[in-house]
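Remarks on the structure that follows.
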Amino acid sequence: MAYRIIKLKEKHIDEVASLYIDVFSREPWNEKNDFKEIRLYIERMLILNSNQSFLYIENEQIIGVALGFVKPWYKGEEYILDTFLIHPDSQKKGRGQIFLTEIKRILNNKNVEDIALDTDKHTPAENFYLKNGFKPNEESVFLFSSTKY
């Protein structure tokens, strides 16, 4: 299986948005995403000056997408993996593991110390990340709030 990892570029946005919608409309997510909103999300990720988003390409097809960015951290720099997805036809075939390993290699070569992400509990995604070296932080909790008051 010949593959390559490339940086996500503007020319890929529409194809990535379509793949995003396809992946997250399925179990266990069942999301109903709007193409324009997802496209805008990807565009916004790309314009971040710390953007580090990647594509996993196989046979000239986008098989995987990693949307993320690097941020300062007290230990140096940390990569925030905001979205990670693999084409439904390519899931459970080792491609996600290969892609994630390549991303770790790329980031390690840039002296990025750690990767942080959040995902839903009790999902295949959680199991995937645990299997690939991620650990839950038992001392913290992920919180969010609306800016409306």
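One residue stands out in segment 13-44 among those that are hydrophobic (A, V, I, L, M, F, W, C) and over 13 Å from residue 85 (Cβ atoms): the one that is farthest from the chain's Cα centre (by Cα), namely 35. Say whether the condition of being basic (Lys, Arg) and touching a strand residue (DSSP E or B) at 6+ places or on another chain (Cβ under 8 Å) is met by at least one residue in segment 57-71. Looking for residues that are basic (Lys, Arg) and touching a strand residue (DSSP E or B) at 6+ places or on another chain (Cβ under 8 Å), one finds at least one in segment 57-71, hence yes. The residues of segment 25-44 that are over 21 Å from residue 8 (Cα atoms) and among the aromatic types (Phe, Trp, Tyr) amount to a single one, 29.
All conditions but one from (1) assigned to a helix (DSSP H, G or I); (2) surrounded by fewer than 17 Cβ atoms within 10 Å (Cβ to Cβ) apply to residue 45; the one that does not is (2). Here residue 88 passes the criteria (1) surrounded by fewer than 21 Cβ atoms within 10 Å (Cβ to Cβ); (2) in contact with a strand residue (DSSP E or B) (Cβ under 9 Å, 6 or more places away or on another chain) except the one numbered (2). Kindly indicate the residue of segment 93-131 that is of a type in the set (A, V, I, L, M, F, W, C) and assigned to a loop (DSSP other than H, G, I, E, B) and also surrounded by the most Cβ atoms within 10 Å (Cβ to Cβ) among those meeting that condition. Among those that are of a type in the set (A, V, I, L, M, F, W, C) and assigned to a loop (DSSP other than H, G, I, E, B), it is 112. A search for C-beta distances below 8 Å between a residue of segment 9-32 that is more than 16 Å from residue 53 (Cβ to Cβ) and exposed (fewer than 14 other Cβ atoms within 10 Å of the Cβ) and any residue that is at pLDDT 95 or above and hydroxyl-bearing (Ser, Thr, Tyr), counting only pairs 6+ apart in sequence or on different chains, returns 31/25; 32/25. The criterion of being surrounded by 15 or more Cβ atoms within 10 Å (Cβ to Cβ), at pLDDT 95 or above, over 20 Å from residue 126 (Cβ atoms) and not hydrophobic (A, V, I, L, M, F, W, C) does not hold for residue 79.
Any residue at all in segment 51-70 that is in a strand (DSSP E or B) and at positive phi? There is no residue in segment 51-70 that is in a strand (DSSP E or B) and at positive phi.
For beta carbons closer than 7 Å, sequence separation of 6+ or different chains, a first residue in segment 72-85 that is more than 10 Å from residue 114 (Cα to Cα) and among the β-branched types (Val, Ile, Thr) and a second that is at pLDDT 95 or above and part of a strand (DSSP E or B), the qualifying pairs are 83/65; 83/67.
When 142, 134 are checked against the criterion of being in a loop (DSSP other than H, G, I, E, B), without any contact (Cβ under 8 Å) to a residue 24 or more places away in the chain and either touching a Leu at 6+ places or on another chain (Cβ under 6 Å) or farther than 24 Å from residue 18 by Cβ (or both), 134 stands alone in meeting it. Filtered by the rule that a residue be more than 29 Å from residue 1 (Cβ to Cβ) and in contact with a strand residue (DSSP E or B) (Cβ under 7 Å, 6 or more places away or on another chain), segment 37-56 gives 48, 50. Taken together, the residues in segment 78-106 that are farther than 10 Å from residue 56 by Cα, out of contact with any Gly (no Cβ under 9 Å at 6 or more places or on another chain) and acidic (Asp, Glu) amount to 2.
The values are calculated or read from the model by the stated rules, or taken from the named source; none is laboratory data. Given the structure is predicted, the values throughout are model-derived calculations rather than measurements. Positions of Cβ are generated from backbone atoms using ideal geometry, with glycine treated the same way; all protein chains shown enter the neighbour counts.
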